[in-house]
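The values are calculated or read from the model by the stated rules, or taken from the named source; none is laboratory data. Please read all numbers here as calculations on a predicted model, not as lab measurements. Every residue, glycine among them, receives a Cβ derived from its backbone with ideal geometry; neighbour counts consider all protein chains shown.
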Amino acid sequence: MNKVLQNLPKEIPVFPLSNFIIFPKTTVPLNIFEPRYIEMVNDAMKGNRIIGMIQPRKSTLTVPPLYKVGCAGKIISFNETEDGRYLIILSGTSRFKIIEELETERLYRKFRVDFKDFLYDLDEKNEEIKFSDLELIFKNLKSLFVKQGYKIDWNELKKQSLNQTINTLAMASPFSLEEKQVLLETINLNERKKKLEQILSTYSFDNFENKTIQ
């Protein structure tokens, strides 16, 4: 068994957040202010500093059902503001699949999870993808970002590895909750590139008005 996999926890706290995904080997800043997630970060900082990010399904329930796949991340930076908020930076570790929700007296939700379907995430090697393969994706994404009023530093993005570039674009793009989940669940980087192209082709076809992928 992969040694890194062995070291990953079998139970993790989760932070459900709509239209928000992270990938392994990417980092994201988070502004934590709700009491339940303040408690979650406090507990995580006392232990392995790992929390799971996952999207809730569209629901009117107070405790919404969640998608089965999310991504675990490790808190690598922590700062507390004067008004009691936490500013953290989360570094993606590996995607996981939910097995079951655990009963807990804590304010946040906790799950038993399995990482074995995503051993690719723990591989240190980068997949072979040429930057020229991303040219059409960049072209279409630039049009989409302008259309949606999003801003991104494309020159800084190009300084990243191709793995980071594709994952960052998948995270930052103004796609629907369902589309982001599709990208999150792709087994590897090449498949994610294909899905990105597929999603973008539907936006282009609909004059960048499309809201979901079938």
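Structure data summary
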read-out	value
Selected residue (criterion: surrounded by the most Cβ atoms within 10 Å (Cβ to Cβ)) from residues of the range 72-88 that are in contact (Cβ under 8 Å) with a residue 12 or more places away in the chain and farther than 19 Å from Asn163 by Cβ	Ile88
Qualifying position, being under 21 Å from Ser176 (Cα atoms) and out of contact with any Phe, Trp or Tyr (no Cβ under 7 Å at 6 or more places or on another chain), among Pro35, Pro56	Pro56
Conditions (1) in contact with a Lys or Arg (Cβ under 6 Å, 6 or more places away or on another chain); (2) modelled with pLDDT under 85; number of the one not met by Asp121	(2)
For Val69: the one exception among (1) among the aliphatic types (A, V, I, L, M); (2) crowded, with 18+ Cβ neighbours inside 10 Å; (3) without any contact (Cβ under 8 Å) to a residue 60 or more places away in the chain	(3)
Check on Phe23, at pLDDT 95 or above and closer than 25 Å to Thr186 by Cβ	no
Filtered residues of the range 167-204 (kept if surrounded by fewer than 22 Cβ atoms within 10 Å (Cβ to Cβ), among the polar types (S, T, N, Q) and in a helix (DSSP H, G or I))	Thr168, Gln181, Asn190, Gln198, Ser201, Thr202, Ser204
